[in-house]
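These notes are about the structure you will find just below.
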Amino acid sequence: IVANSIADLNGVITEVNDKFLRIWGYASKDEVIGQPIAHFLSNSDECAAILTALDGIGSWGGDFTAKKKDGSTFTAHSQATIVRDEKGKAIGYQSAVEDITESKRLEREVTQAKEAQFQALMESLPSKVFLKDRNSVYLSCNENYARDLKIKPEEIRGKTDYDFFPTSLAV
């Protein structure tokens, strides 16, 4: 179901399953075993952060950008742990990885569609409408509200009332 790998404490791959080979685009284990973990990640900083977490707390979970054999990348979700011997001594790392590129793409599409629907709803209202976060930072507004500020609705994101009314907010 997921790509599994085992590495030694130097971060060198010692074992992978067939799913690992398929996801990363390798034909055989011989191409993978002996390679450093960093070889399979696109960003060396992400690799360093993962190994630091593993060495520090013994586990890591999250997303990273993986690099396939052909140089292309994919979004990977992983759970990794330190492997210990029967005496509790660290002897390596193991990870389980899924390619979540497609689900992330679909998530972005759904989010964009929801945002478009919400904006269409706001524009359909005859009154002036805006949306702020809990810190009073604007997230969006409709055309009626933006017109009063002499901006386009998309220009409001990330701004506060102080950006538009600095003198009226002075204490």
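The values are calculated or read from the model by the stated rules, or taken from the named source; none is laboratory data. Remember, it's a predicted structure, so these values are computed and weren't measured experimentally. A quick note on method: Cβ atoms are made from the backbone with ideal geometry, for glycine too, and the neighbour counts reach across all protein chains shown. Accessible surface areas use protein heavy atoms only, side chains included; no ligands, DNA or RNA. Shrake-Rupley method; radii C 1.70, N 1.55, O 1.52, S 1.80 Å.
Could you name every one of the strands (runs of 3 or more DSSP E) located completely within region 52-136 that has at least 2 residues being touching a residue at least 60 places away in the same chain (Cβ under 8 Å) and β-branched (Val, Ile, Thr)?
Counting at least 2 such residues, we get 90-99.
Does residue 45 satisfy the criteria of being over 22 Å from the mean Cα position of the chain (by Cα), closer than 23 Å to residue 101 by Cβ and open to solvent by 60 Å² or more (accessible area, probe 1.4 Å)?
Criteria not met by residue 45.
So which residues in region 28-37 are part of a helix (DSSP H, G or I) and either open to solvent by 50 Å² or more (accessible area, probe 1.4 Å) or aromatic (Phe, Trp, Tyr) (or both)?
29, 30, 31 - these are the residues of region 28-37 that are part of a helix (DSSP H, G or I) and either open to solvent by 50 Å² or more (accessible area, probe 1.4 Å) or aromatic (Phe, Trp, Tyr) (or both).
Residues checked against (1) open to solvent by 40 Å² or more (accessible area, probe 1.4 Å); (2) modelled with pLDDT of 95 or more:
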{"site": "19", "(1), (2)": "yes, yes"}
{"site": "22", "(1), (2)": "yes, yes"}
{"site": "26", "(1), (2)": "no, yes"}
{"site": "51", "(1), (2)": "yes, no"}
{"site": "68", "(1), (2)": "yes, yes"}
{"site": "73", "(1), (2)": "yes, yes"}
{"site": "81", "(1), (2)": "yes, yes"}
{"site": "92", "(1), (2)": "no, yes"}
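Any residue in region 153-165 that is open to solvent by 60 Å² or more (accessible area, probe 1.4 Å), in contact (Cβ under 8 Å) with a residue 24 or more places away in the chain and in contact with a strand residue (DSSP E or B) (Cβ under 8 Å, 6 or more places away or on another chain)?
no
Could you list, in sequence order, all residues of region 39-48 that are part of a helix (DSSP H, G or I) and either at pLDDT below 95 or among the acidic types (Asp, Glu) (or both)?
44, 45, 46, 47, 48
When you check residue 13 against the structure, is it part of a loop (DSSP other than H, G, I, E, B) and modelled with pLDDT of 95 or more, yes or no?
Against the criterion (part of a loop (DSSP other than H, G, I, E, B) and modelled with pLDDT of 95 or more), residue 13 does not qualify.
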